[in-house]
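Peer 1: The structure that follows is given in the form of structure tokens.
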Amino acid sequence: LHEVYKQYRAYGQDLKPHIIETSLIVHKAIERGEVVLLESAQGTLLDIDYGTYPYVTSSSPTAAGAALGVGLPPSKITHVLGIFKAYSTRVGSGPLPTELHDETAETIRERGREYGTTTGRPRRCGWFDGVAARYAASINGFTHIAINCLDVLDTLPVIKVCVGYRVGDEVLRHVPANVRKLAQAEPIYEELPGWMQPTTGCQSIDELPVNARRYVDRISE
């Protein structure tokens, strides 16, 4: 053990000139009027406090968590960009109310290359969950949203959006705090016509096919 200690102490000495208090760097950049970008991984429903516990990560991948992680006061955050896929995915266990177990799921998985980057494990796929999206927006205070992987849906004639959950005789428009209740939720869908045209070449939202634009607008709503 002593030899390991000496070895890693030497590493520490080599790295020491390159290490600084990162919050100091960020604060000085803001004072100079520079733009600082904080990027989060994971997602709101994997948040240790506000996610689907126990199927969560060990930290807070939210806008508030970003401020805490870098040592900034929340008042310094002026824009919060929420990033959504045009459909839902989940890795591993945990509730996914809109999960599909049919050919549509396979289409989304293959077109979206929805496999774990490290493990190659197939991701669970389903329709866009507007209830979960609204919850994420309320927790994070999104000022803007970005929707990616829209082209994955290019070949589907009908596309569904979850607008509520049905649990027994109860209709929910919010994500329940009880993960068991969420696991029992049946999605309430709104159907939208697909666009059946490629969107990969579109450079602006105005170039999207009419039905693709309507889909994006509905998600925004």
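Peer 1: Could you tell me which numbered condition Ala10 fails, if it satisfies all but one of (1) open to solvent by 90 Å² or more (accessible area, probe 1.4 Å); (2) part of a helix (DSSP H, G or I)?
Peer 2: The single condition Ala10 does not satisfy is (1).
Peer 1: Output yes when any residue across the stretch 149-167 is within 30 Å of Ile77 (Cα to Cα) and under 15 Å from the mean Cα position of the chain (by Cα), and no when none is.
Peer 2: Yes.
Peer 1: Just give me the residues in the stretch 56-93 being of a type in the set (Gly, Ala, Ser) and touching a helix residue (DSSP H, G or I) at 6+ places or on another chain (Cβ under 8 Å), in sequence order.
Peer 2: Within the stretch 56-93, the first condition is being of a type in the set (Gly, Ala, Ser), and the residues that meet it are 58-60, 63-67, 69, 71, 75, 82, 86, 88, 92-93.
Hits for the stretch 56-93 are Ser59, Ser60, Ala63, Ala64, Ala67, Gly71, Gly82, Ala86, Ser88.
Peer 1: A follow-up question, please. Pick from the stretch 91-135 the residues that are aliphatic (A, V, I, L, M) and out of contact with any Cys (no Cβ under 7 Å at 6 or more places or on another chain): which of them is farthest from Tyr53 (Cα to Cα)? Quick ask: steps written out before the conclusion?
Peer 2: In the first step, residues of the stretch 91-135 are kept if they are aliphatic (A, V, I, L, M); the result is 91, 96, 100, 105, 108, 131-133.
Subsequent filtering for residues that are out of contact with any Cys (no Cβ under 7 Å at 6 or more places or on another chain) retains 91, 96, 132-133.
On the way: Val91: 14, Leu96: 13, Ala132: 15, Ala133: 17 Å.
Looking at the filtered set, the residue picked out is Ala133.
Peer 1: Give the stretch 28-42 a look and list any residue that's surrounded by 10 or more Cβ atoms within 10 Å (Cβ to Cβ) and closer than 18 Å to Gly65 by Cβ, or say none. Let's see the steps before the verdict.
Peer 2: Quick first cut of the stretch 28-42, residues surrounded by 10 or more Cβ atoms within 10 Å (Cβ to Cβ) only: 28-30, 36, 38, 40, 42.
Correct list: Val36, Leu38, Ser40, Gln42.
Peer 1: Would you mention how many residues in the stretch 68-90 are more than 24 Å from Thr199 (Cβ to Cβ), open to solvent by 50 Å² or more (accessible area, probe 1.4 Å) and modelled with pLDDT of 95 or more?
Peer 2: 1
Peer 1: Let me ask another. Only residues that are among the acidic types (Asp, Glu), in a helix (DSSP H, G or I) and under 22 Å from Pro73 (Cα atoms): list them for the stretch 13-42, please.
Peer 2: Residues of the stretch 13-42 that are among the acidic types (Asp, Glu), as a first pass: 14, 21, 31, 34, 39.
If we keep only those that are in a helix (DSSP H, G or I) as well, we get 14, 31.
Result: Glu31, single match.
Peer 1: I'm told Arg213 meets every condition in (1) within 27 Å of Gly65 (Cα to Cα); (2) open to solvent by 60 Å² or more (accessible area, probe 1.4 Å); (3) assigned to a helix (DSSP H, G or I) except one. Can you identify the failing condition by its number?
Peer 2: All conditions pass for Arg213, except number (1).
Peer 1: Does the stretch 41-53 hold any residues that are within 9 Å of the chain's Cα centre (by Cα) and of a type outside the set (A, V, I, L, M, F, W, C), and which are they?
Peer 2: Gln42, Gly43, Thr44
Peer 1: I've got another one for you. Give me the strands (runs of 3 or more DSSP E) completely within the stretch 105-207, filtered to those with at least 2 residues that are open to solvent by less than 60 Å² (accessible area, probe 1.4 Å), ordered by residue number. Walk me through it before giving the result.
Peer 2: Details: elements: 124-126, 144-148, 158-167, 170-172, 186-193.
Correct list: 124-126, 144-148, 158-167, 186-193.
The values are calculated or read from the model by the stated rules, or taken from the named source; none is laboratory data. These numbers come from a predicted model, not from an experiment. Note that each Cβ is placed from the backbone with ideal geometry, even for glycine, and that neighbours are counted across all protein chains shown. Surface accessibility is based on the protein's heavy atoms, side chains included, excluding ligands, DNA and RNA. Shrake-Rupley method; radii C 1.70, N 1.55, O 1.52, S 1.80 Å.
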